[in-house]
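Structure record follows, encoded as structure tokens.
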Amino acid sequence: MAKYEGKCPQCGKTHYSDRKEDTIICDCWLYCPLCGAEMVSYTPDLAADTYGKDGKRDFAIVMVCLQHSPPFYSVQKPVEVVRE
Ligand SMILES: [Zn+2]
Ligand SMILES: [Zn+2]
């Protein structure tokens, strides 16, 4: 049994760890909140034709889901789970 547990402030998922020093990074930032597909790293080239349409700044976009039209841009960064 894991001794320590913490909840992701972003998605509410509970993570477990055996060691107190472990830093737990939730993987929810990798997945599209709309369809659940694994997103790809955003590069300006990839979506150059749609860049700027939704008003988001280029540098704020971390991941992109290409399942949508226009693609879904995620600005969520890896979330460090906060231990309780
Ligand atoms: Zn999460
Ligand atoms: Zn998606």
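Read the figures in this text as sums done on the coordinates, not as results from a lab. All values derive from a computational prediction rather than experimental measurement. Here the Cβ positions follow ideal geometry from the backbone for every residue, glycine too, while neighbour counts run over all protein chains shown.
Annotations for the structure displayed:
- Ranking of Ser41, Ser69, Ser17 by neighbouring Cβ atoms within 10 Å, starting from the fewest: Ser69, Ser41, Ser17.
- Shown is the FRET efficiency for Leu66 and Ile25, computed with R0 = 30 Å from the Cβ-Cβ distance and rounded to the nearest 0.05: 0.80.
- Potential extension, Gln76-Lys3 segment - 0.36 nm per residue separation minus Cα distance: 23.5 nm
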